[in-house]
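Written out below as structure tokens is the structure these notes cover.
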Number of protein chains: 2
Amino acid sequence: MTHQRTVTAHAGHQSLSFSREFDAPATLVFKAHTDAARIAHWTGPRGTQMTMREFDARTGGSWSYVISGEDGGEWGFHGSFHEVTAPSRIVQTFEFEGEPGHPTLEVLTFTDIGDSRSRIDGLSVFLSVEDRDAMLSGMDAGMDENFERLDELLTTNADA
Amino acid sequence: MTHQRTVTAHAGHQSLSFSREFDAPATLVFKAHTDAARIAHWTGPRGTQMTMREFDARTGGSWSYVISGEDGGEWGFHGSFHEVTAPSRIVQTFEFEGEPGHPTLEVLTFTDIGDSRSRIDGLSVFLSVEDRDAMLSGMDAGMDENFERLDELLTTNADA
């Protein structure tokens with residue numbers, strides 16, 4: 001089954017929101033976001049490798065990882081966990097180290113919707129409309145690929 | 001000398017920016033924001049007491065404090081430090097625990113402007129325009145009082 005991801009981004013605003021359903025309860029989708037080994041399984045384009053530099057998924061903790069491509073390219077990311085409330089809510093900052101100075105604040109809400117399924121509602125706020133628009137133009141394929149990889153992890157690992 | 005604080009908030013946007021000059025170099029103004037004892041001296045209304053629950057001013061660290069009023073009232077705040085780069089930049093999250101669910105992302109830039117003076121440029125981004133407008137309506141007096149208290153700390157403690 002393919003799950004449609006929706007994105008909402010009003011012209012002239014500094015935020016975007018998205019929504020995506022999963023064939024797994026919120027507890028497992030949340031765990032896939034807060035367990036270092038699990039998050040490394042689905043984050044980044046296929047064929048890349050994630051190396052955690054730091055991952056402390058609790059309110060007041062922080063995270064940092066590098067995505068390595070097959071061609072030797074490396075992309076670093078880091079942020080902090082403003083709030084981690086299992087299994088329903090993560091508030092975190094996010095910054096791509098290749099373009100420093102453009103951090104974002106992201107709120108992820110995990111909601112059970114019945115039949116052992118759940119939905120993520122995400123809200124990302126940017127320092128400027130320009131930052132938001134730049135992210136919008138590049139995010140679609142990468143985000144869908146990540147969520148498809150997450151679908152696969154949830155299927156193979158549904159009761160872990 | 002009185003220093004004017006400017007605030008810029010465009011209608012319909014999710015952010016506000018402010019600017020304030022100080023009679024002290026950026027290094028000292030930055031220190032007053034990243035040293036637990038100093039920050040307790042100037043944050044909160046006059047007559048209140050700040051109690052630090054946690055304060056780790058480094059990239060990936062976090063902070064948490066309570067402001068106690070003379071009448072016994074208590075107001076808790078917490079956030080995380082996305083970036084702390086001495087003496088020029090702090091990126092942090094901020095949430096008032098009395099109204100949970102409305103975190104903000106704040107970027108503070110500290111710039112020397114000559115004659116041992118400096119300026120803070122601040123940018124706060126909110127989850128929604130409504131959150132921004134609610135903050136705008138209440139922030140003015142509190143922010144000015146904080147910065148006046150900071151002026152006093154910088155005067156009495158200029159070479160610390």
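Stretching the chain fully between residue B:128 and residue B:7 yields a gain of 41.7 nm (0.36 nm per residue, less the alpha carbon separation). Computed from protein heavy atoms with a 1.4 Å probe, the total accessible area buried between B and A is close to 1900 Å².
The C-alpha atoms of the range B:102-152 occupy a region whose extents along the principal axes are 40, 20, 13 Å, arranged from largest to smallest. Interface residues of the range A:72-110, defined as those losing at least 50 Å² of solvent-accessible heavy-atom surface relative to the isolated chain (probe radius 1.4 Å), are listed as A:82, A:105.
With R₀ fixed at 30 Å, the C-beta to C-beta distance from residue A:99 to residue B:23 puts the FRET efficiency at about 0.25. Distance between the C-alpha centres of the range A:86-150 and the range B:1-66: 28 Å, rounded to the whole angstrom.
What GluC sites (Glu not before Pro) does the range B:45-132 have in DSSP loop regions with at most 12 other beta carbons within 10 Å?
B:70, B:97
Kirkwood-type hydrodynamic radius, the protein assembly as shown: 21.0 Å, calculated from all non-identical alpha-carbon pairs. Dipole check for the range B:75-160: with +1 at the C-beta of Lys and Arg, -1 at the C-beta of Asp and Glu, and the Cα centre as origin, the magnitude is about 280 Debye. Panel values: the range B:49-131, Kirkwood radius from alpha carbon pairs, Stokes-Einstein at 25 °C and 0.890 mPa s, translational diffusion coefficient 173 µm²/s.
Return the tail of the calculated pair distribution for the range A:20-64, meaning the percent of Cα-Cα pairs more than 12 Å apart.
66 percent
When chain A is treated as a Gaussian network with alpha carbon springs shorter than 10 Å, the biggest mean-square fluctuation among A:45, A:25, A:100 belongs to A:100. Sorted from closest to farthest, the other copies place their residue A:100 label points 3.5 nm away, with each point set 7 Å from Cα along Cα→Cβ.
With a Förster radius of 25 Å applied to the beta-carbon distance between residue B:137 and residue A:139, the computed FRET efficiency rounds to 0.15. The calculated FRET efficiency for the pair residue B:88 and residue A:49, based on their C-beta separation and a Förster distance of 25 Å, comes to about 0.15.
Which whole-number percent gives the relative contact order of chain B, counting Cα pairs below 8 Å spaced six or more residues apart? In percent, rounded to a whole number, it is 26. Mean-square fluctuation check for chain A, GNM, Cα pairs under 10 Å: which of A:137, A:64, A:128 is largest? Its mean-square fluctuation being the largest, the pick is A:137. Ligands, DNA and RNA left out, the accessible area of the range A:8-69 computed with a 1.4 Å probe is 51% carbon and sulfur. Looking at the range B:43-130, the trypsin sites (Lys or Arg not before Pro) that sit in a DSSP loop and have at most 16 other Cβ atoms within 10 Å of their own Cβ are B:46, B:58. The Rg/Rh ratio of the range A:55-95, with both radii computed over alpha carbons and Rh defined as the Kirkwood radius, is 1.13. Each Lys or Arg adds one and each Asp or Glu subtracts one; over the other residues with Cβ under 11 Å from the Cβ of residue A:65, this totals -2.
What per residue convex hull volume, in Å³, comes out for the range A:1-99 when only alpha-carbon positions are used?
136 Å³
The values are calculated or read from the model by the stated rules, or taken from the named source; none is laboratory data. Computed from a predicted structure; not experimentally measured. Cβ coordinates were reconstructed from backbone atoms using ideal geometry, including for glycine residues, and neighbour counts include every protein chain displayed. SASA here: full protein model, heavy atoms, side chains in, ligands and nucleic acids out. Shrake-Rupley method; radii C 1.70, N 1.55, O 1.52, S 1.80 Å.
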